[in-house]
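Notes to accompany the following structure.
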Amino acid sequence: MSSAAGPTGRGLPGGAPGWLRRPAARLAAGGRLGLLEASVLVLAGLLLATATVNDLVRQTHVNHRLTADLRTWRAYTRHDYRNLNINQDVRGQSTRDVVCGNTAPGAPKARVQLCLQMMGPVRSGRRSVSGGWYLPPRVENVRRYRYACFGPAAAEHRCPP
Amino acid sequence: MSVAIERREPRVAPARSEQWAPALAGALALVLVAVAAKLVLDAAEGHRPLVPTSPDIASWLRGVGQRLEYRDLLILLLVFTGAYAGLLALARALSKRAALVLIGALHAIIFAGPILLSTDVFSYIAYARMGVEHGLNPYVHGPIAIYHDPVYRYVGQDWKHVATAYGPLYTLLSYPLAPLGLRGALWGMKLEALLASAATLWLVWRCARARQLDPVIAIVAVGANPLYVIYGLGGAHNDLIMLAAMMAAVSLTLGGRDAAAAASVVAGALVKVTVAALLPFMLLARRARHARAQLLGAAVALGLGAVMAVAAFGAHGLDLIAALNRDAAFVSSDSFPTEIAHLFGKPGVFPVDHDLLKAALVVIVAHLLWRTWRGFDWIAAAGWTLLAIAVTSTWLLAWYILWPLPLAAVTRDRRLLVATLAVQAMFIVHQTAPLLAPVS
């Protein structure tokens with residue numbers, strides 16, 4: 001009788017591990033409050049799991065785009081450099097990325113850097129270059145350091161006047 | 001005949017499981033040790049930012065491993081996590097000695113290697129050197145104030161202008177390491193983290209035994225945890241010191257020493273303020289008939305801490321709430337609020353979301369306080385609170401999800417352990433995007 005009224009009688013197999021059976025027993029004892037808490041926990045868990053998987057998929061798409069950015073920079077400059085710096089739109093509201101790299105061989109940011117602005121979808125593993133600018137050595141891609149803006153980047157006033 | 005078979009079957013099944021379970025647990029323990037060793041040997045070869053630029057403390061390990069690539073790190077992390085999950089399921093088959101040897105080996109391996117996955121330890125050293133070597137108040141200035149100091153180049157870019165957010169007790173604990181030079185201070189920080197971890201695990205063992213839980217399962221759950229070992233210990237994070245103070249408080253409470261327990265929570269909060277979340281649950285717990293003793297212990301510890309902080313750092317040493325508010329406004333891409341914002345098509349977390357998250361946290365904590373008042377296990381309630389703080393934080397780092405783990409290991413509410421490990425698993429899964437789509 002007692003076993004029938006216990007956790008195994010509520011759907012958990014008799015061979016279920018103890019740590020699974022104990023919460024079920026507590027749930028029975030806690031009644032509606034326990035059920036409510038368990039429901040909220042399950043819903044919260046589902047939300048977090050869904051958000052995690054969704055973000056993982058989103059990030060893989062972003063990575064796919066960044067790979068296309070790097071490939072585009074290398075094709076445009078004909079420099080097969082590995083240490084390139086990518087700046088994404090920090091607010092994530094656009095897919096505009098800026099890739100910067102040295103104009104001559106050297107340590108990262110050790111030479112004058114060429115920054116290219118990438119826009120649009122990935123086509124054949126590449127993206128569209130929407131102008132760009134240059135940076136002196138050893139500085140970050142901050143507006144005040146930019147010079148010689150070209151293409152649409154110049155029209156968008158990406159460089160200081 | 002059939003009766004004889006029925007009788008025999010139950011005997012055969014446990015005998016078989018008794019045979020393979022210890023062997024499998026031993027194999028999984030070996031996997032954990034091998035992965036930790038591979039990680040440290042590869043990290044010794046260096047690779048930013050996985051292995052932050054650092055004074056050379058692991059050169060003697062060079063020449064054996066390969067340069068640690070992001071992809072390799074993720075694979076090692078996943079294998080470690082899988083082996084840990086398996087080991088946790090089989091932990092009953094592990095002897096006390098085997099568990100201690102495993103955890104000791106993991107700690108020794110990580111201790112011997114370079115700093116992993118975080119530059120925080122260099123901020124700790126920078127704040128210590130600011131106070132000791134340069135006579136500057138680390139609660140007023142950021143490391144940029146000592147840009148000529150050798151530690152400055154190792155401090156994380158985001159933290160160069162930021163004054164310390166750590167408690168005054170921790171800052172004073174770090175001061176004796178400042179004159180040891182950069183390498184000496186780094187080894188000192190690693191040793192502090194190692195000793196804090198050893199203390200935490202010892203206290204977890206004591207608390208589990210006091211609560212009639214299996215202490216082997218409890219210490220394996222904490223001491224072999226991938227985020228605890230690789231991120232917490234690997235990065236020599238001061239969260240481990242906070243956890244030691246937290247578990248000391250739990251152990252003292254279970255031993256009936258309420259005043260000392262409350263003082264220990266306050267001491268922990270003077271290392272990292274998050275642990276103060278335990279105090280209201282301790283006070284409200286039904287068994288805490290000695291709330292007056294707890295309040296007295298907390299008040300004395302707080303008074304001593306305040307005097308110490310003001311004497312050492314002026315009024316700025318007490319302004320930890322401002323530091324917390326500042327850090328709470330940061331947003332990391334790994335935080336769950338950011339992921340949920342993306343799920344609903346928003347580009348990220350907005351100021352209104354911060355307010356909503358704070359409101360949600362208040363509701364959760366209020367519910368847990370009410371439940372504790374009604375007799376729910378205060379240790380579990382405090383653990384749920386720490387988990388809720390981590391999940392609702394927009395600035396989530398791997399070692400923040402360690403906060404509830406020791407409490408989860410010593411509570412009978414196994415849902416807390418399952419939820420903590422599930423949140424950790426989601427965090428790890430979220431890291432794996434470069435494995436699925438590498439950027440090259």
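The values are calculated or read from the model by the stated rules, or taken from the named source; none is laboratory data. Every value quoted in this text rests on a predicted model; they were computed, and no experiment measured them. Here the Cβ positions follow ideal geometry from the backbone for every residue, glycine too, while neighbour counts run over all protein chains shown.
Residue by residue, here is whether (1) modelled with pLDDT of 50 or more; (2) within 18 Å of B:GLY348 (Cβ to Cβ) holds:
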residue: A:PRO13; (1), (2): no, no
residue: A:GLY18; (1), (2): yes, no
residue: A:VAL40; (1), (2): yes, no
residue: A:HIS61; (1), (2): yes, yes
residue: A:ALA68; (1), (2): yes, no
residue: A:TYR76; (1), (2): yes, no
residue: A:ARG82; (1), (2): yes, no
residue: A:ASP89; (1), (2): yes, yes
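When each of B:VAL300, B:VAL307, B:VAL275 is tested for being in a helix (DSSP H, G or I) and free of Cβ contacts under 8 Å to residues at least 12 places away in the same chain, the lone residue that passes is B:VAL307. The residue list B:GLY348, B:GLY375 contains one member that is in contact (Cβ under 8 Å) with a residue 12 or more places away in the chain and within 30 Å of A:SER94 (Cα to Cα), which is B:GLY348.
Taken over the range B:50-89, the residue count meeting the criterion of being of a type in the set (Ser, Thr, Tyr) and without any contact (Cβ under 8 Å) to a residue 24 or more places away in the chain is 1. Total residues in the range A:146-161 satisfying the condition of being surrounded by 15 or more Cβ atoms within 10 Å (Cβ to Cβ) and at positive phi: the figure is 1. For first residues located in the range A:61-78 and more than 12 Å from B:PRO438 (Cα to Cα) and touching a residue at least 40 places away in the same chain (Cβ under 8 Å), partners that are of a type in the set (Lys, Arg) and buried (at least 20 other Cβ atoms within 10 Å of the Cβ) and lie 6+ apart or on another chain with Cβ distances below 7 Å form the pairs A:ASP69/A:ARG127; A:THR72/A:ARG127.
Taking the conditions exactly as written (modelled with pLDDT under 90, part of a helix (DSSP H, G or I), among the basic types (Lys, Arg) and over 25 Å from B:MET130 (Cα atoms)), does B:ARG292 satisfy them or not? So B:ARG292 passes the test. For the range A:55-98, the tally of residues that are among the polar types (S, T, N, Q), surrounded by 15 or more Cβ atoms within 10 Å (Cβ to Cβ) and farther than 23 Å from A:ARG138 by Cβ stands at 6.
Can you tell me which residue among B:ALA91, B:ALA98, B:ALA83 is hydrophobic (A, V, I, L, M, F, W, C), within 23 Å of B:ALA198 (Cα to Cα) and out of contact with any helix residue (DSSP H, G or I) (no Cβ under 6 Å at 6 or more places or on another chain)? Give the derivation first.
On the way: B:ALA91 fails: out of contact with any helix residue (DSSP H, G or I) (no Cβ under 6 Å at 6 or more places or on another chain); B:ALA83 fails: out of contact with any helix residue (DSSP H, G or I) (no Cβ under 6 Å at 6 or more places or on another chain).
Exactly one of B:ALA91, B:ALA98, B:ALA83 is hydrophobic (A, V, I, L, M, F, W, C), within 23 Å of B:ALA198 (Cα to Cα) and out of contact with any helix residue (DSSP H, G or I) (no Cβ under 6 Å at 6 or more places or on another chain), namely B:ALA98.
For B:HIS342, the stated conditions hold: it is within 30 Å of A:ASP55 (Cβ to Cβ), in contact with a helix residue (DSSP H, G or I) (Cβ under 8 Å, 6 or more places away or on another chain) and free of Cβ contacts under 8 Å to residues at least 40 places away in the same chain.
Among the residues making up the range B:196-221, those that are surrounded by fewer than 17 Cβ atoms within 10 Å (Cβ to Cβ), free of Cβ contacts under 8 Å to residues at least 24 places away in the same chain and part of a helix (DSSP H, G or I) are B:TRP202, B:ARG209. Just one of A:GLY106, A:GLY120 is more than 15 Å from A:ARG78 (Cα to Cα), modelled with pLDDT under 90, out of contact with any strand residue (DSSP E or B) (no Cβ under 9 Å at 6 or more places or on another chain) and not aromatic (Phe, Trp, Tyr); which is it? Testing whether each residue is more than 15 Å from A:ARG78 (Cα to Cα), modelled with pLDDT under 90, out of contact with any strand residue (DSSP E or B) (no Cβ under 9 Å at 6 or more places or on another chain) and not aromatic (Phe, Trp, Tyr) leaves just A:GLY106.
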